[in-house]
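To start, the structure itself, in structure tokens.
The values are calculated or read from the model by the stated rules, or taken from the named source; none is laboratory data. Computed from a predicted structure; not experimentally measured. As a convention, Cβ positions derive from the backbone with ideal geometry for all residues, glycine included, and neighbour counts pool all protein chains shown.
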Amino acid sequence: MHARRLAALLALPLLMAHAHAGPRPADGLERIEHIVVIYAENRSFDHLFGLFPGANGIRQAMPAQTTQTDHDGRPLPALPPVYAHGHADPAFPEHLPNAPFRIELPPVSRGLQEVLPSPIHNFYQNREQIAGGRNNRFVAASNVGAWVMSYIDGSQLRLWQWAKEYTLADNFFMAAYGGSFLNHQWLICACTPRHDDAPAAVRAQLDADGNLKRKPGSPASVMDGPALLMDGRVTPDGWVVNTSQPPFQPSGIPPAADGPRELADPAKLPVPPQTATTIGDTLSAGGVSWAWYSGGWNAAVADGTQVPAAPRQVIYNRDPGSPIFQPHHQPFNYFARFAPGSADRTRHLKDGADFLAAIDSGSLPQVSFYKPAGRDSQHPSYTDLLTGDRHLDEVLDKLRRSRQWPRMAVIVTYDENGGFWDHAAPPAGSGFSDRWGPGTRIPALIISPFARRGFVDSTAYDTTSILKLITRRFGLEALPGVRAKTGDLSGAFAF
């Protein structure tokens, strides 16, 4: 009986998808001449849109999904403290009930204009947190304790108003388990990078269940502190899954005096230049114009051409005037085809200011990817929600006033969940999932003159659905890693 109840619970998100999704529209994708993808940072669906009317949100979550368990599988008596650097953070209350909680309400009472904690969001932790679709190990497999269960009333956000006007996808999952680095790779190639000669120091160590081994002295219960794990940025068999630096500048590894690599510490080796096929390759092969625009790109490139001893002015700089540029959010900079000095780099990798100027002049390419600078990305720990929300609203308003708008489709989504809890089980089974994901559910909005109005689309999507849409619209070669059964976003349109 217990097994049947669990099976019904895990099937619930897919049943709801069928209940919400509308009929497939007639093929009218050729009417879309410009596709714009805006990639924000680190928020789960329930964290931002869990209270959205008509969506599969927090109120639809079952107790088995909201009630978090300890390492031994037993329900926690209450949520542990909010941890910072392994210890209870006195800025947050303790003994919160074992359930999701609102950030803005007592006893937490924190504002959306504040810079708040960033939970760990790594590959193996996310797999463990999902726990086969039960989503009841988020607290136990995190480094911030209770904070992963936090959420907001998203109606305060301008992005919420765009979702009300156009289409919100409430069954859209990040393509890969874990963090920003890997999900940016999956956005452009549906692939995981290789590092065959990665040193042992950067390879994760796994137990018999495929989870991270614990270090000696790791707390037996998350109530006593976060687990101490033998994590690494590379899998035991050489796949790069956690934050790693690109082989080319701009990079988080300063330029070396004798070449592009810093060899003093083998753990700081960048990812080798990659050669897998990207959506950029297929777009170029199909004669489709495209660009990757990134806030702070030009300044970061200038940083990377300084002598090694010079201070970095932009990369990871959290001063108020800095864009807070993150090199591991620049996926094409990992590929040999886009190496410094190449024609493809010059043609396709551009600054965020170029994106805004192209909107104003009506000269956007057929496909545009826009990565806001860190301060505008909504990433916890180095920016707040409202700053990015204002920026996204301004960009969307500018796009809607553009002369290219009548033939445009805009997809706004997040790279990954930022370690925050979500109740929906990722799609599972052949054609929906593989070794790499999909991971936790994230928000996605489809904004277009052709988008269904005031619609919640519960078709099963993941980040590779964006690649499917682009590939189908422009008749491109399909990328091998794109999952066969995930949707292509066409259910969001009514032509």
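Computed quantities for the displayed model
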quantity: Failed item, numbered, when Ala428 is tested on (1) buried (at least 24 other Cβ atoms within 10 Å of the Cβ); (2) in contact with a helix residue (DSSP H, G or I) (Cβ under 9 Å, 6 or more places away or on another chain); calculated: (1)
quantity: Residue check for Phe355: among the aromatic types (Phe, Trp, Tyr), touching a Leu at 6+ places or on another chain (Cβ under 9 Å) and farther than 23 Å from Phe172 by Cα; calculated: yes
quantity: Residues located in the range 440-469, provided they are closer than 16 Å to Gly487 by Cα, of a type in the set (S, T, N, Q) and touching a strand residue (DSSP E or B) at 6+ places or on another chain (Cβ under 8 Å); calculated: Ser458, Thr459, Thr463, Ser465
quantity: Meets criteria (touching a residue at least 12 places away in the same chain (Cβ under 8 Å) and under 26 Å from Val241 (Cα atoms)) for Ala409; calculated: no
quantity: Residue pairs meeting the criteria (Cβ under 7 Å; at least 6 apart or on separate chains; first within 19 Å of Val301 (Cβ to Cβ), in the range 257-282; second modelled with pLDDT of 75 or more and in a strand (DSSP E or B)); calculated: Val271/Val240; Pro273/Phe335; Gly280/Trp290
quantity: From Arg137, Arg127, residue being in contact (Cβ under 8 Å) with a residue 24 or more places away in the chain, of a type outside the set (Asp, Glu), in a loop (DSSP other than H, G, I, E, B) and crowded, with 19+ Cβ neighbours inside 10 Å; calculated: Arg137
quantity: Qualifying positions in the range 79-113 - surrounded by 14 or more Cβ atoms within 10 Å (Cβ to Cβ) and in contact (Cβ under 8 Å) with a residue 60 or more places away in the chain; calculated: Leu79, Pro80, Pro81, Val82, Tyr83, Ala84, Pro100, Leu112
quantity: Conditions (1) crowded, with 24+ Cβ neighbours inside 10 Å; (2) in contact with a Pro (Cβ under 8 Å, 6 or more places away or on another chain); (3) of a type in the set (S, T, N, Q): number failed by Gln205; calculated: (1)
quantity: Pairs where the first residue, in the range 231-246, is within 17 Å of Glu416 (Cα to Cα) and the second is of a type in the set (Asp, Glu), C-beta under 8 Å, 6+ apart; calculated: Asn242/Asp231
quantity: Count of the range 230-266 residues which are at pLDDT 65 or above and hydrophobic (A, V, I, L, M, F, W, C); calculated: 7
quantity: Residue selected from the range 290-342 under the condition among the aliphatic types (A, V, I, L, M) and part of a helix (DSSP H, G or I), by the criterion surrounded by the most Cβ atoms within 10 Å (Cβ to Cβ); calculated: Ala300
quantity: Of the criteria (1) within 30 Å of Ala291 (Cα to Cα); (2) assigned to a loop (DSSP other than H, G, I, E, B), which one Leu48 fails; calculated: (2)
quantity: When residues of the range 50-66 are limited to those that are surrounded by 14 or more Cβ atoms within 10 Å (Cβ to Cβ) and of a type outside the set (Gly, Ala, Ser), the one nearest to Gly132 (Cα to Cα); calculated: Gln65
quantity: Residues of the range 396-446 satisfying the condition of being more than 26 Å from Arg59 (Cα to Cα), of a type in the set (A, V, I, L, M, F, W, C) and touching a Lys or Arg at 6+ places or on another chain (Cβ under 9 Å); calculated: Leu396, Met408, Ala409, Val410
quantity: Filter result (part of a strand (DSSP E or B) and within 26 Å of the chain's Cα centre (by Cα)) within the range 75-91; calculated: Val82, Tyr83, Ala84
quantity: Condition broken by Lys164, with the remaining ones in (1) in contact with a Gly (Cβ under 6 Å, 6 or more places away or on another chain); (2) among the basic types (Lys, Arg); (3) in contact (Cβ under 8 Å) with a residue 40 or more places away in the chain satisfied; calculated: (1)
quantity: Filtered residue count, the range 45-78, keeping only those that are touching a Gly at 6+ places or on another chain (Cβ under 7 Å) and under 16 Å from Pro119 (Cα atoms); calculated: 2
quantity: Selected residue (only one of Asp319, Asp281 is modelled with pLDDT of 95 or more, of a type in the set (Asp, Glu) and under 25 Å from the mean Cα position of the chain (by Cα)); calculated: Asp281
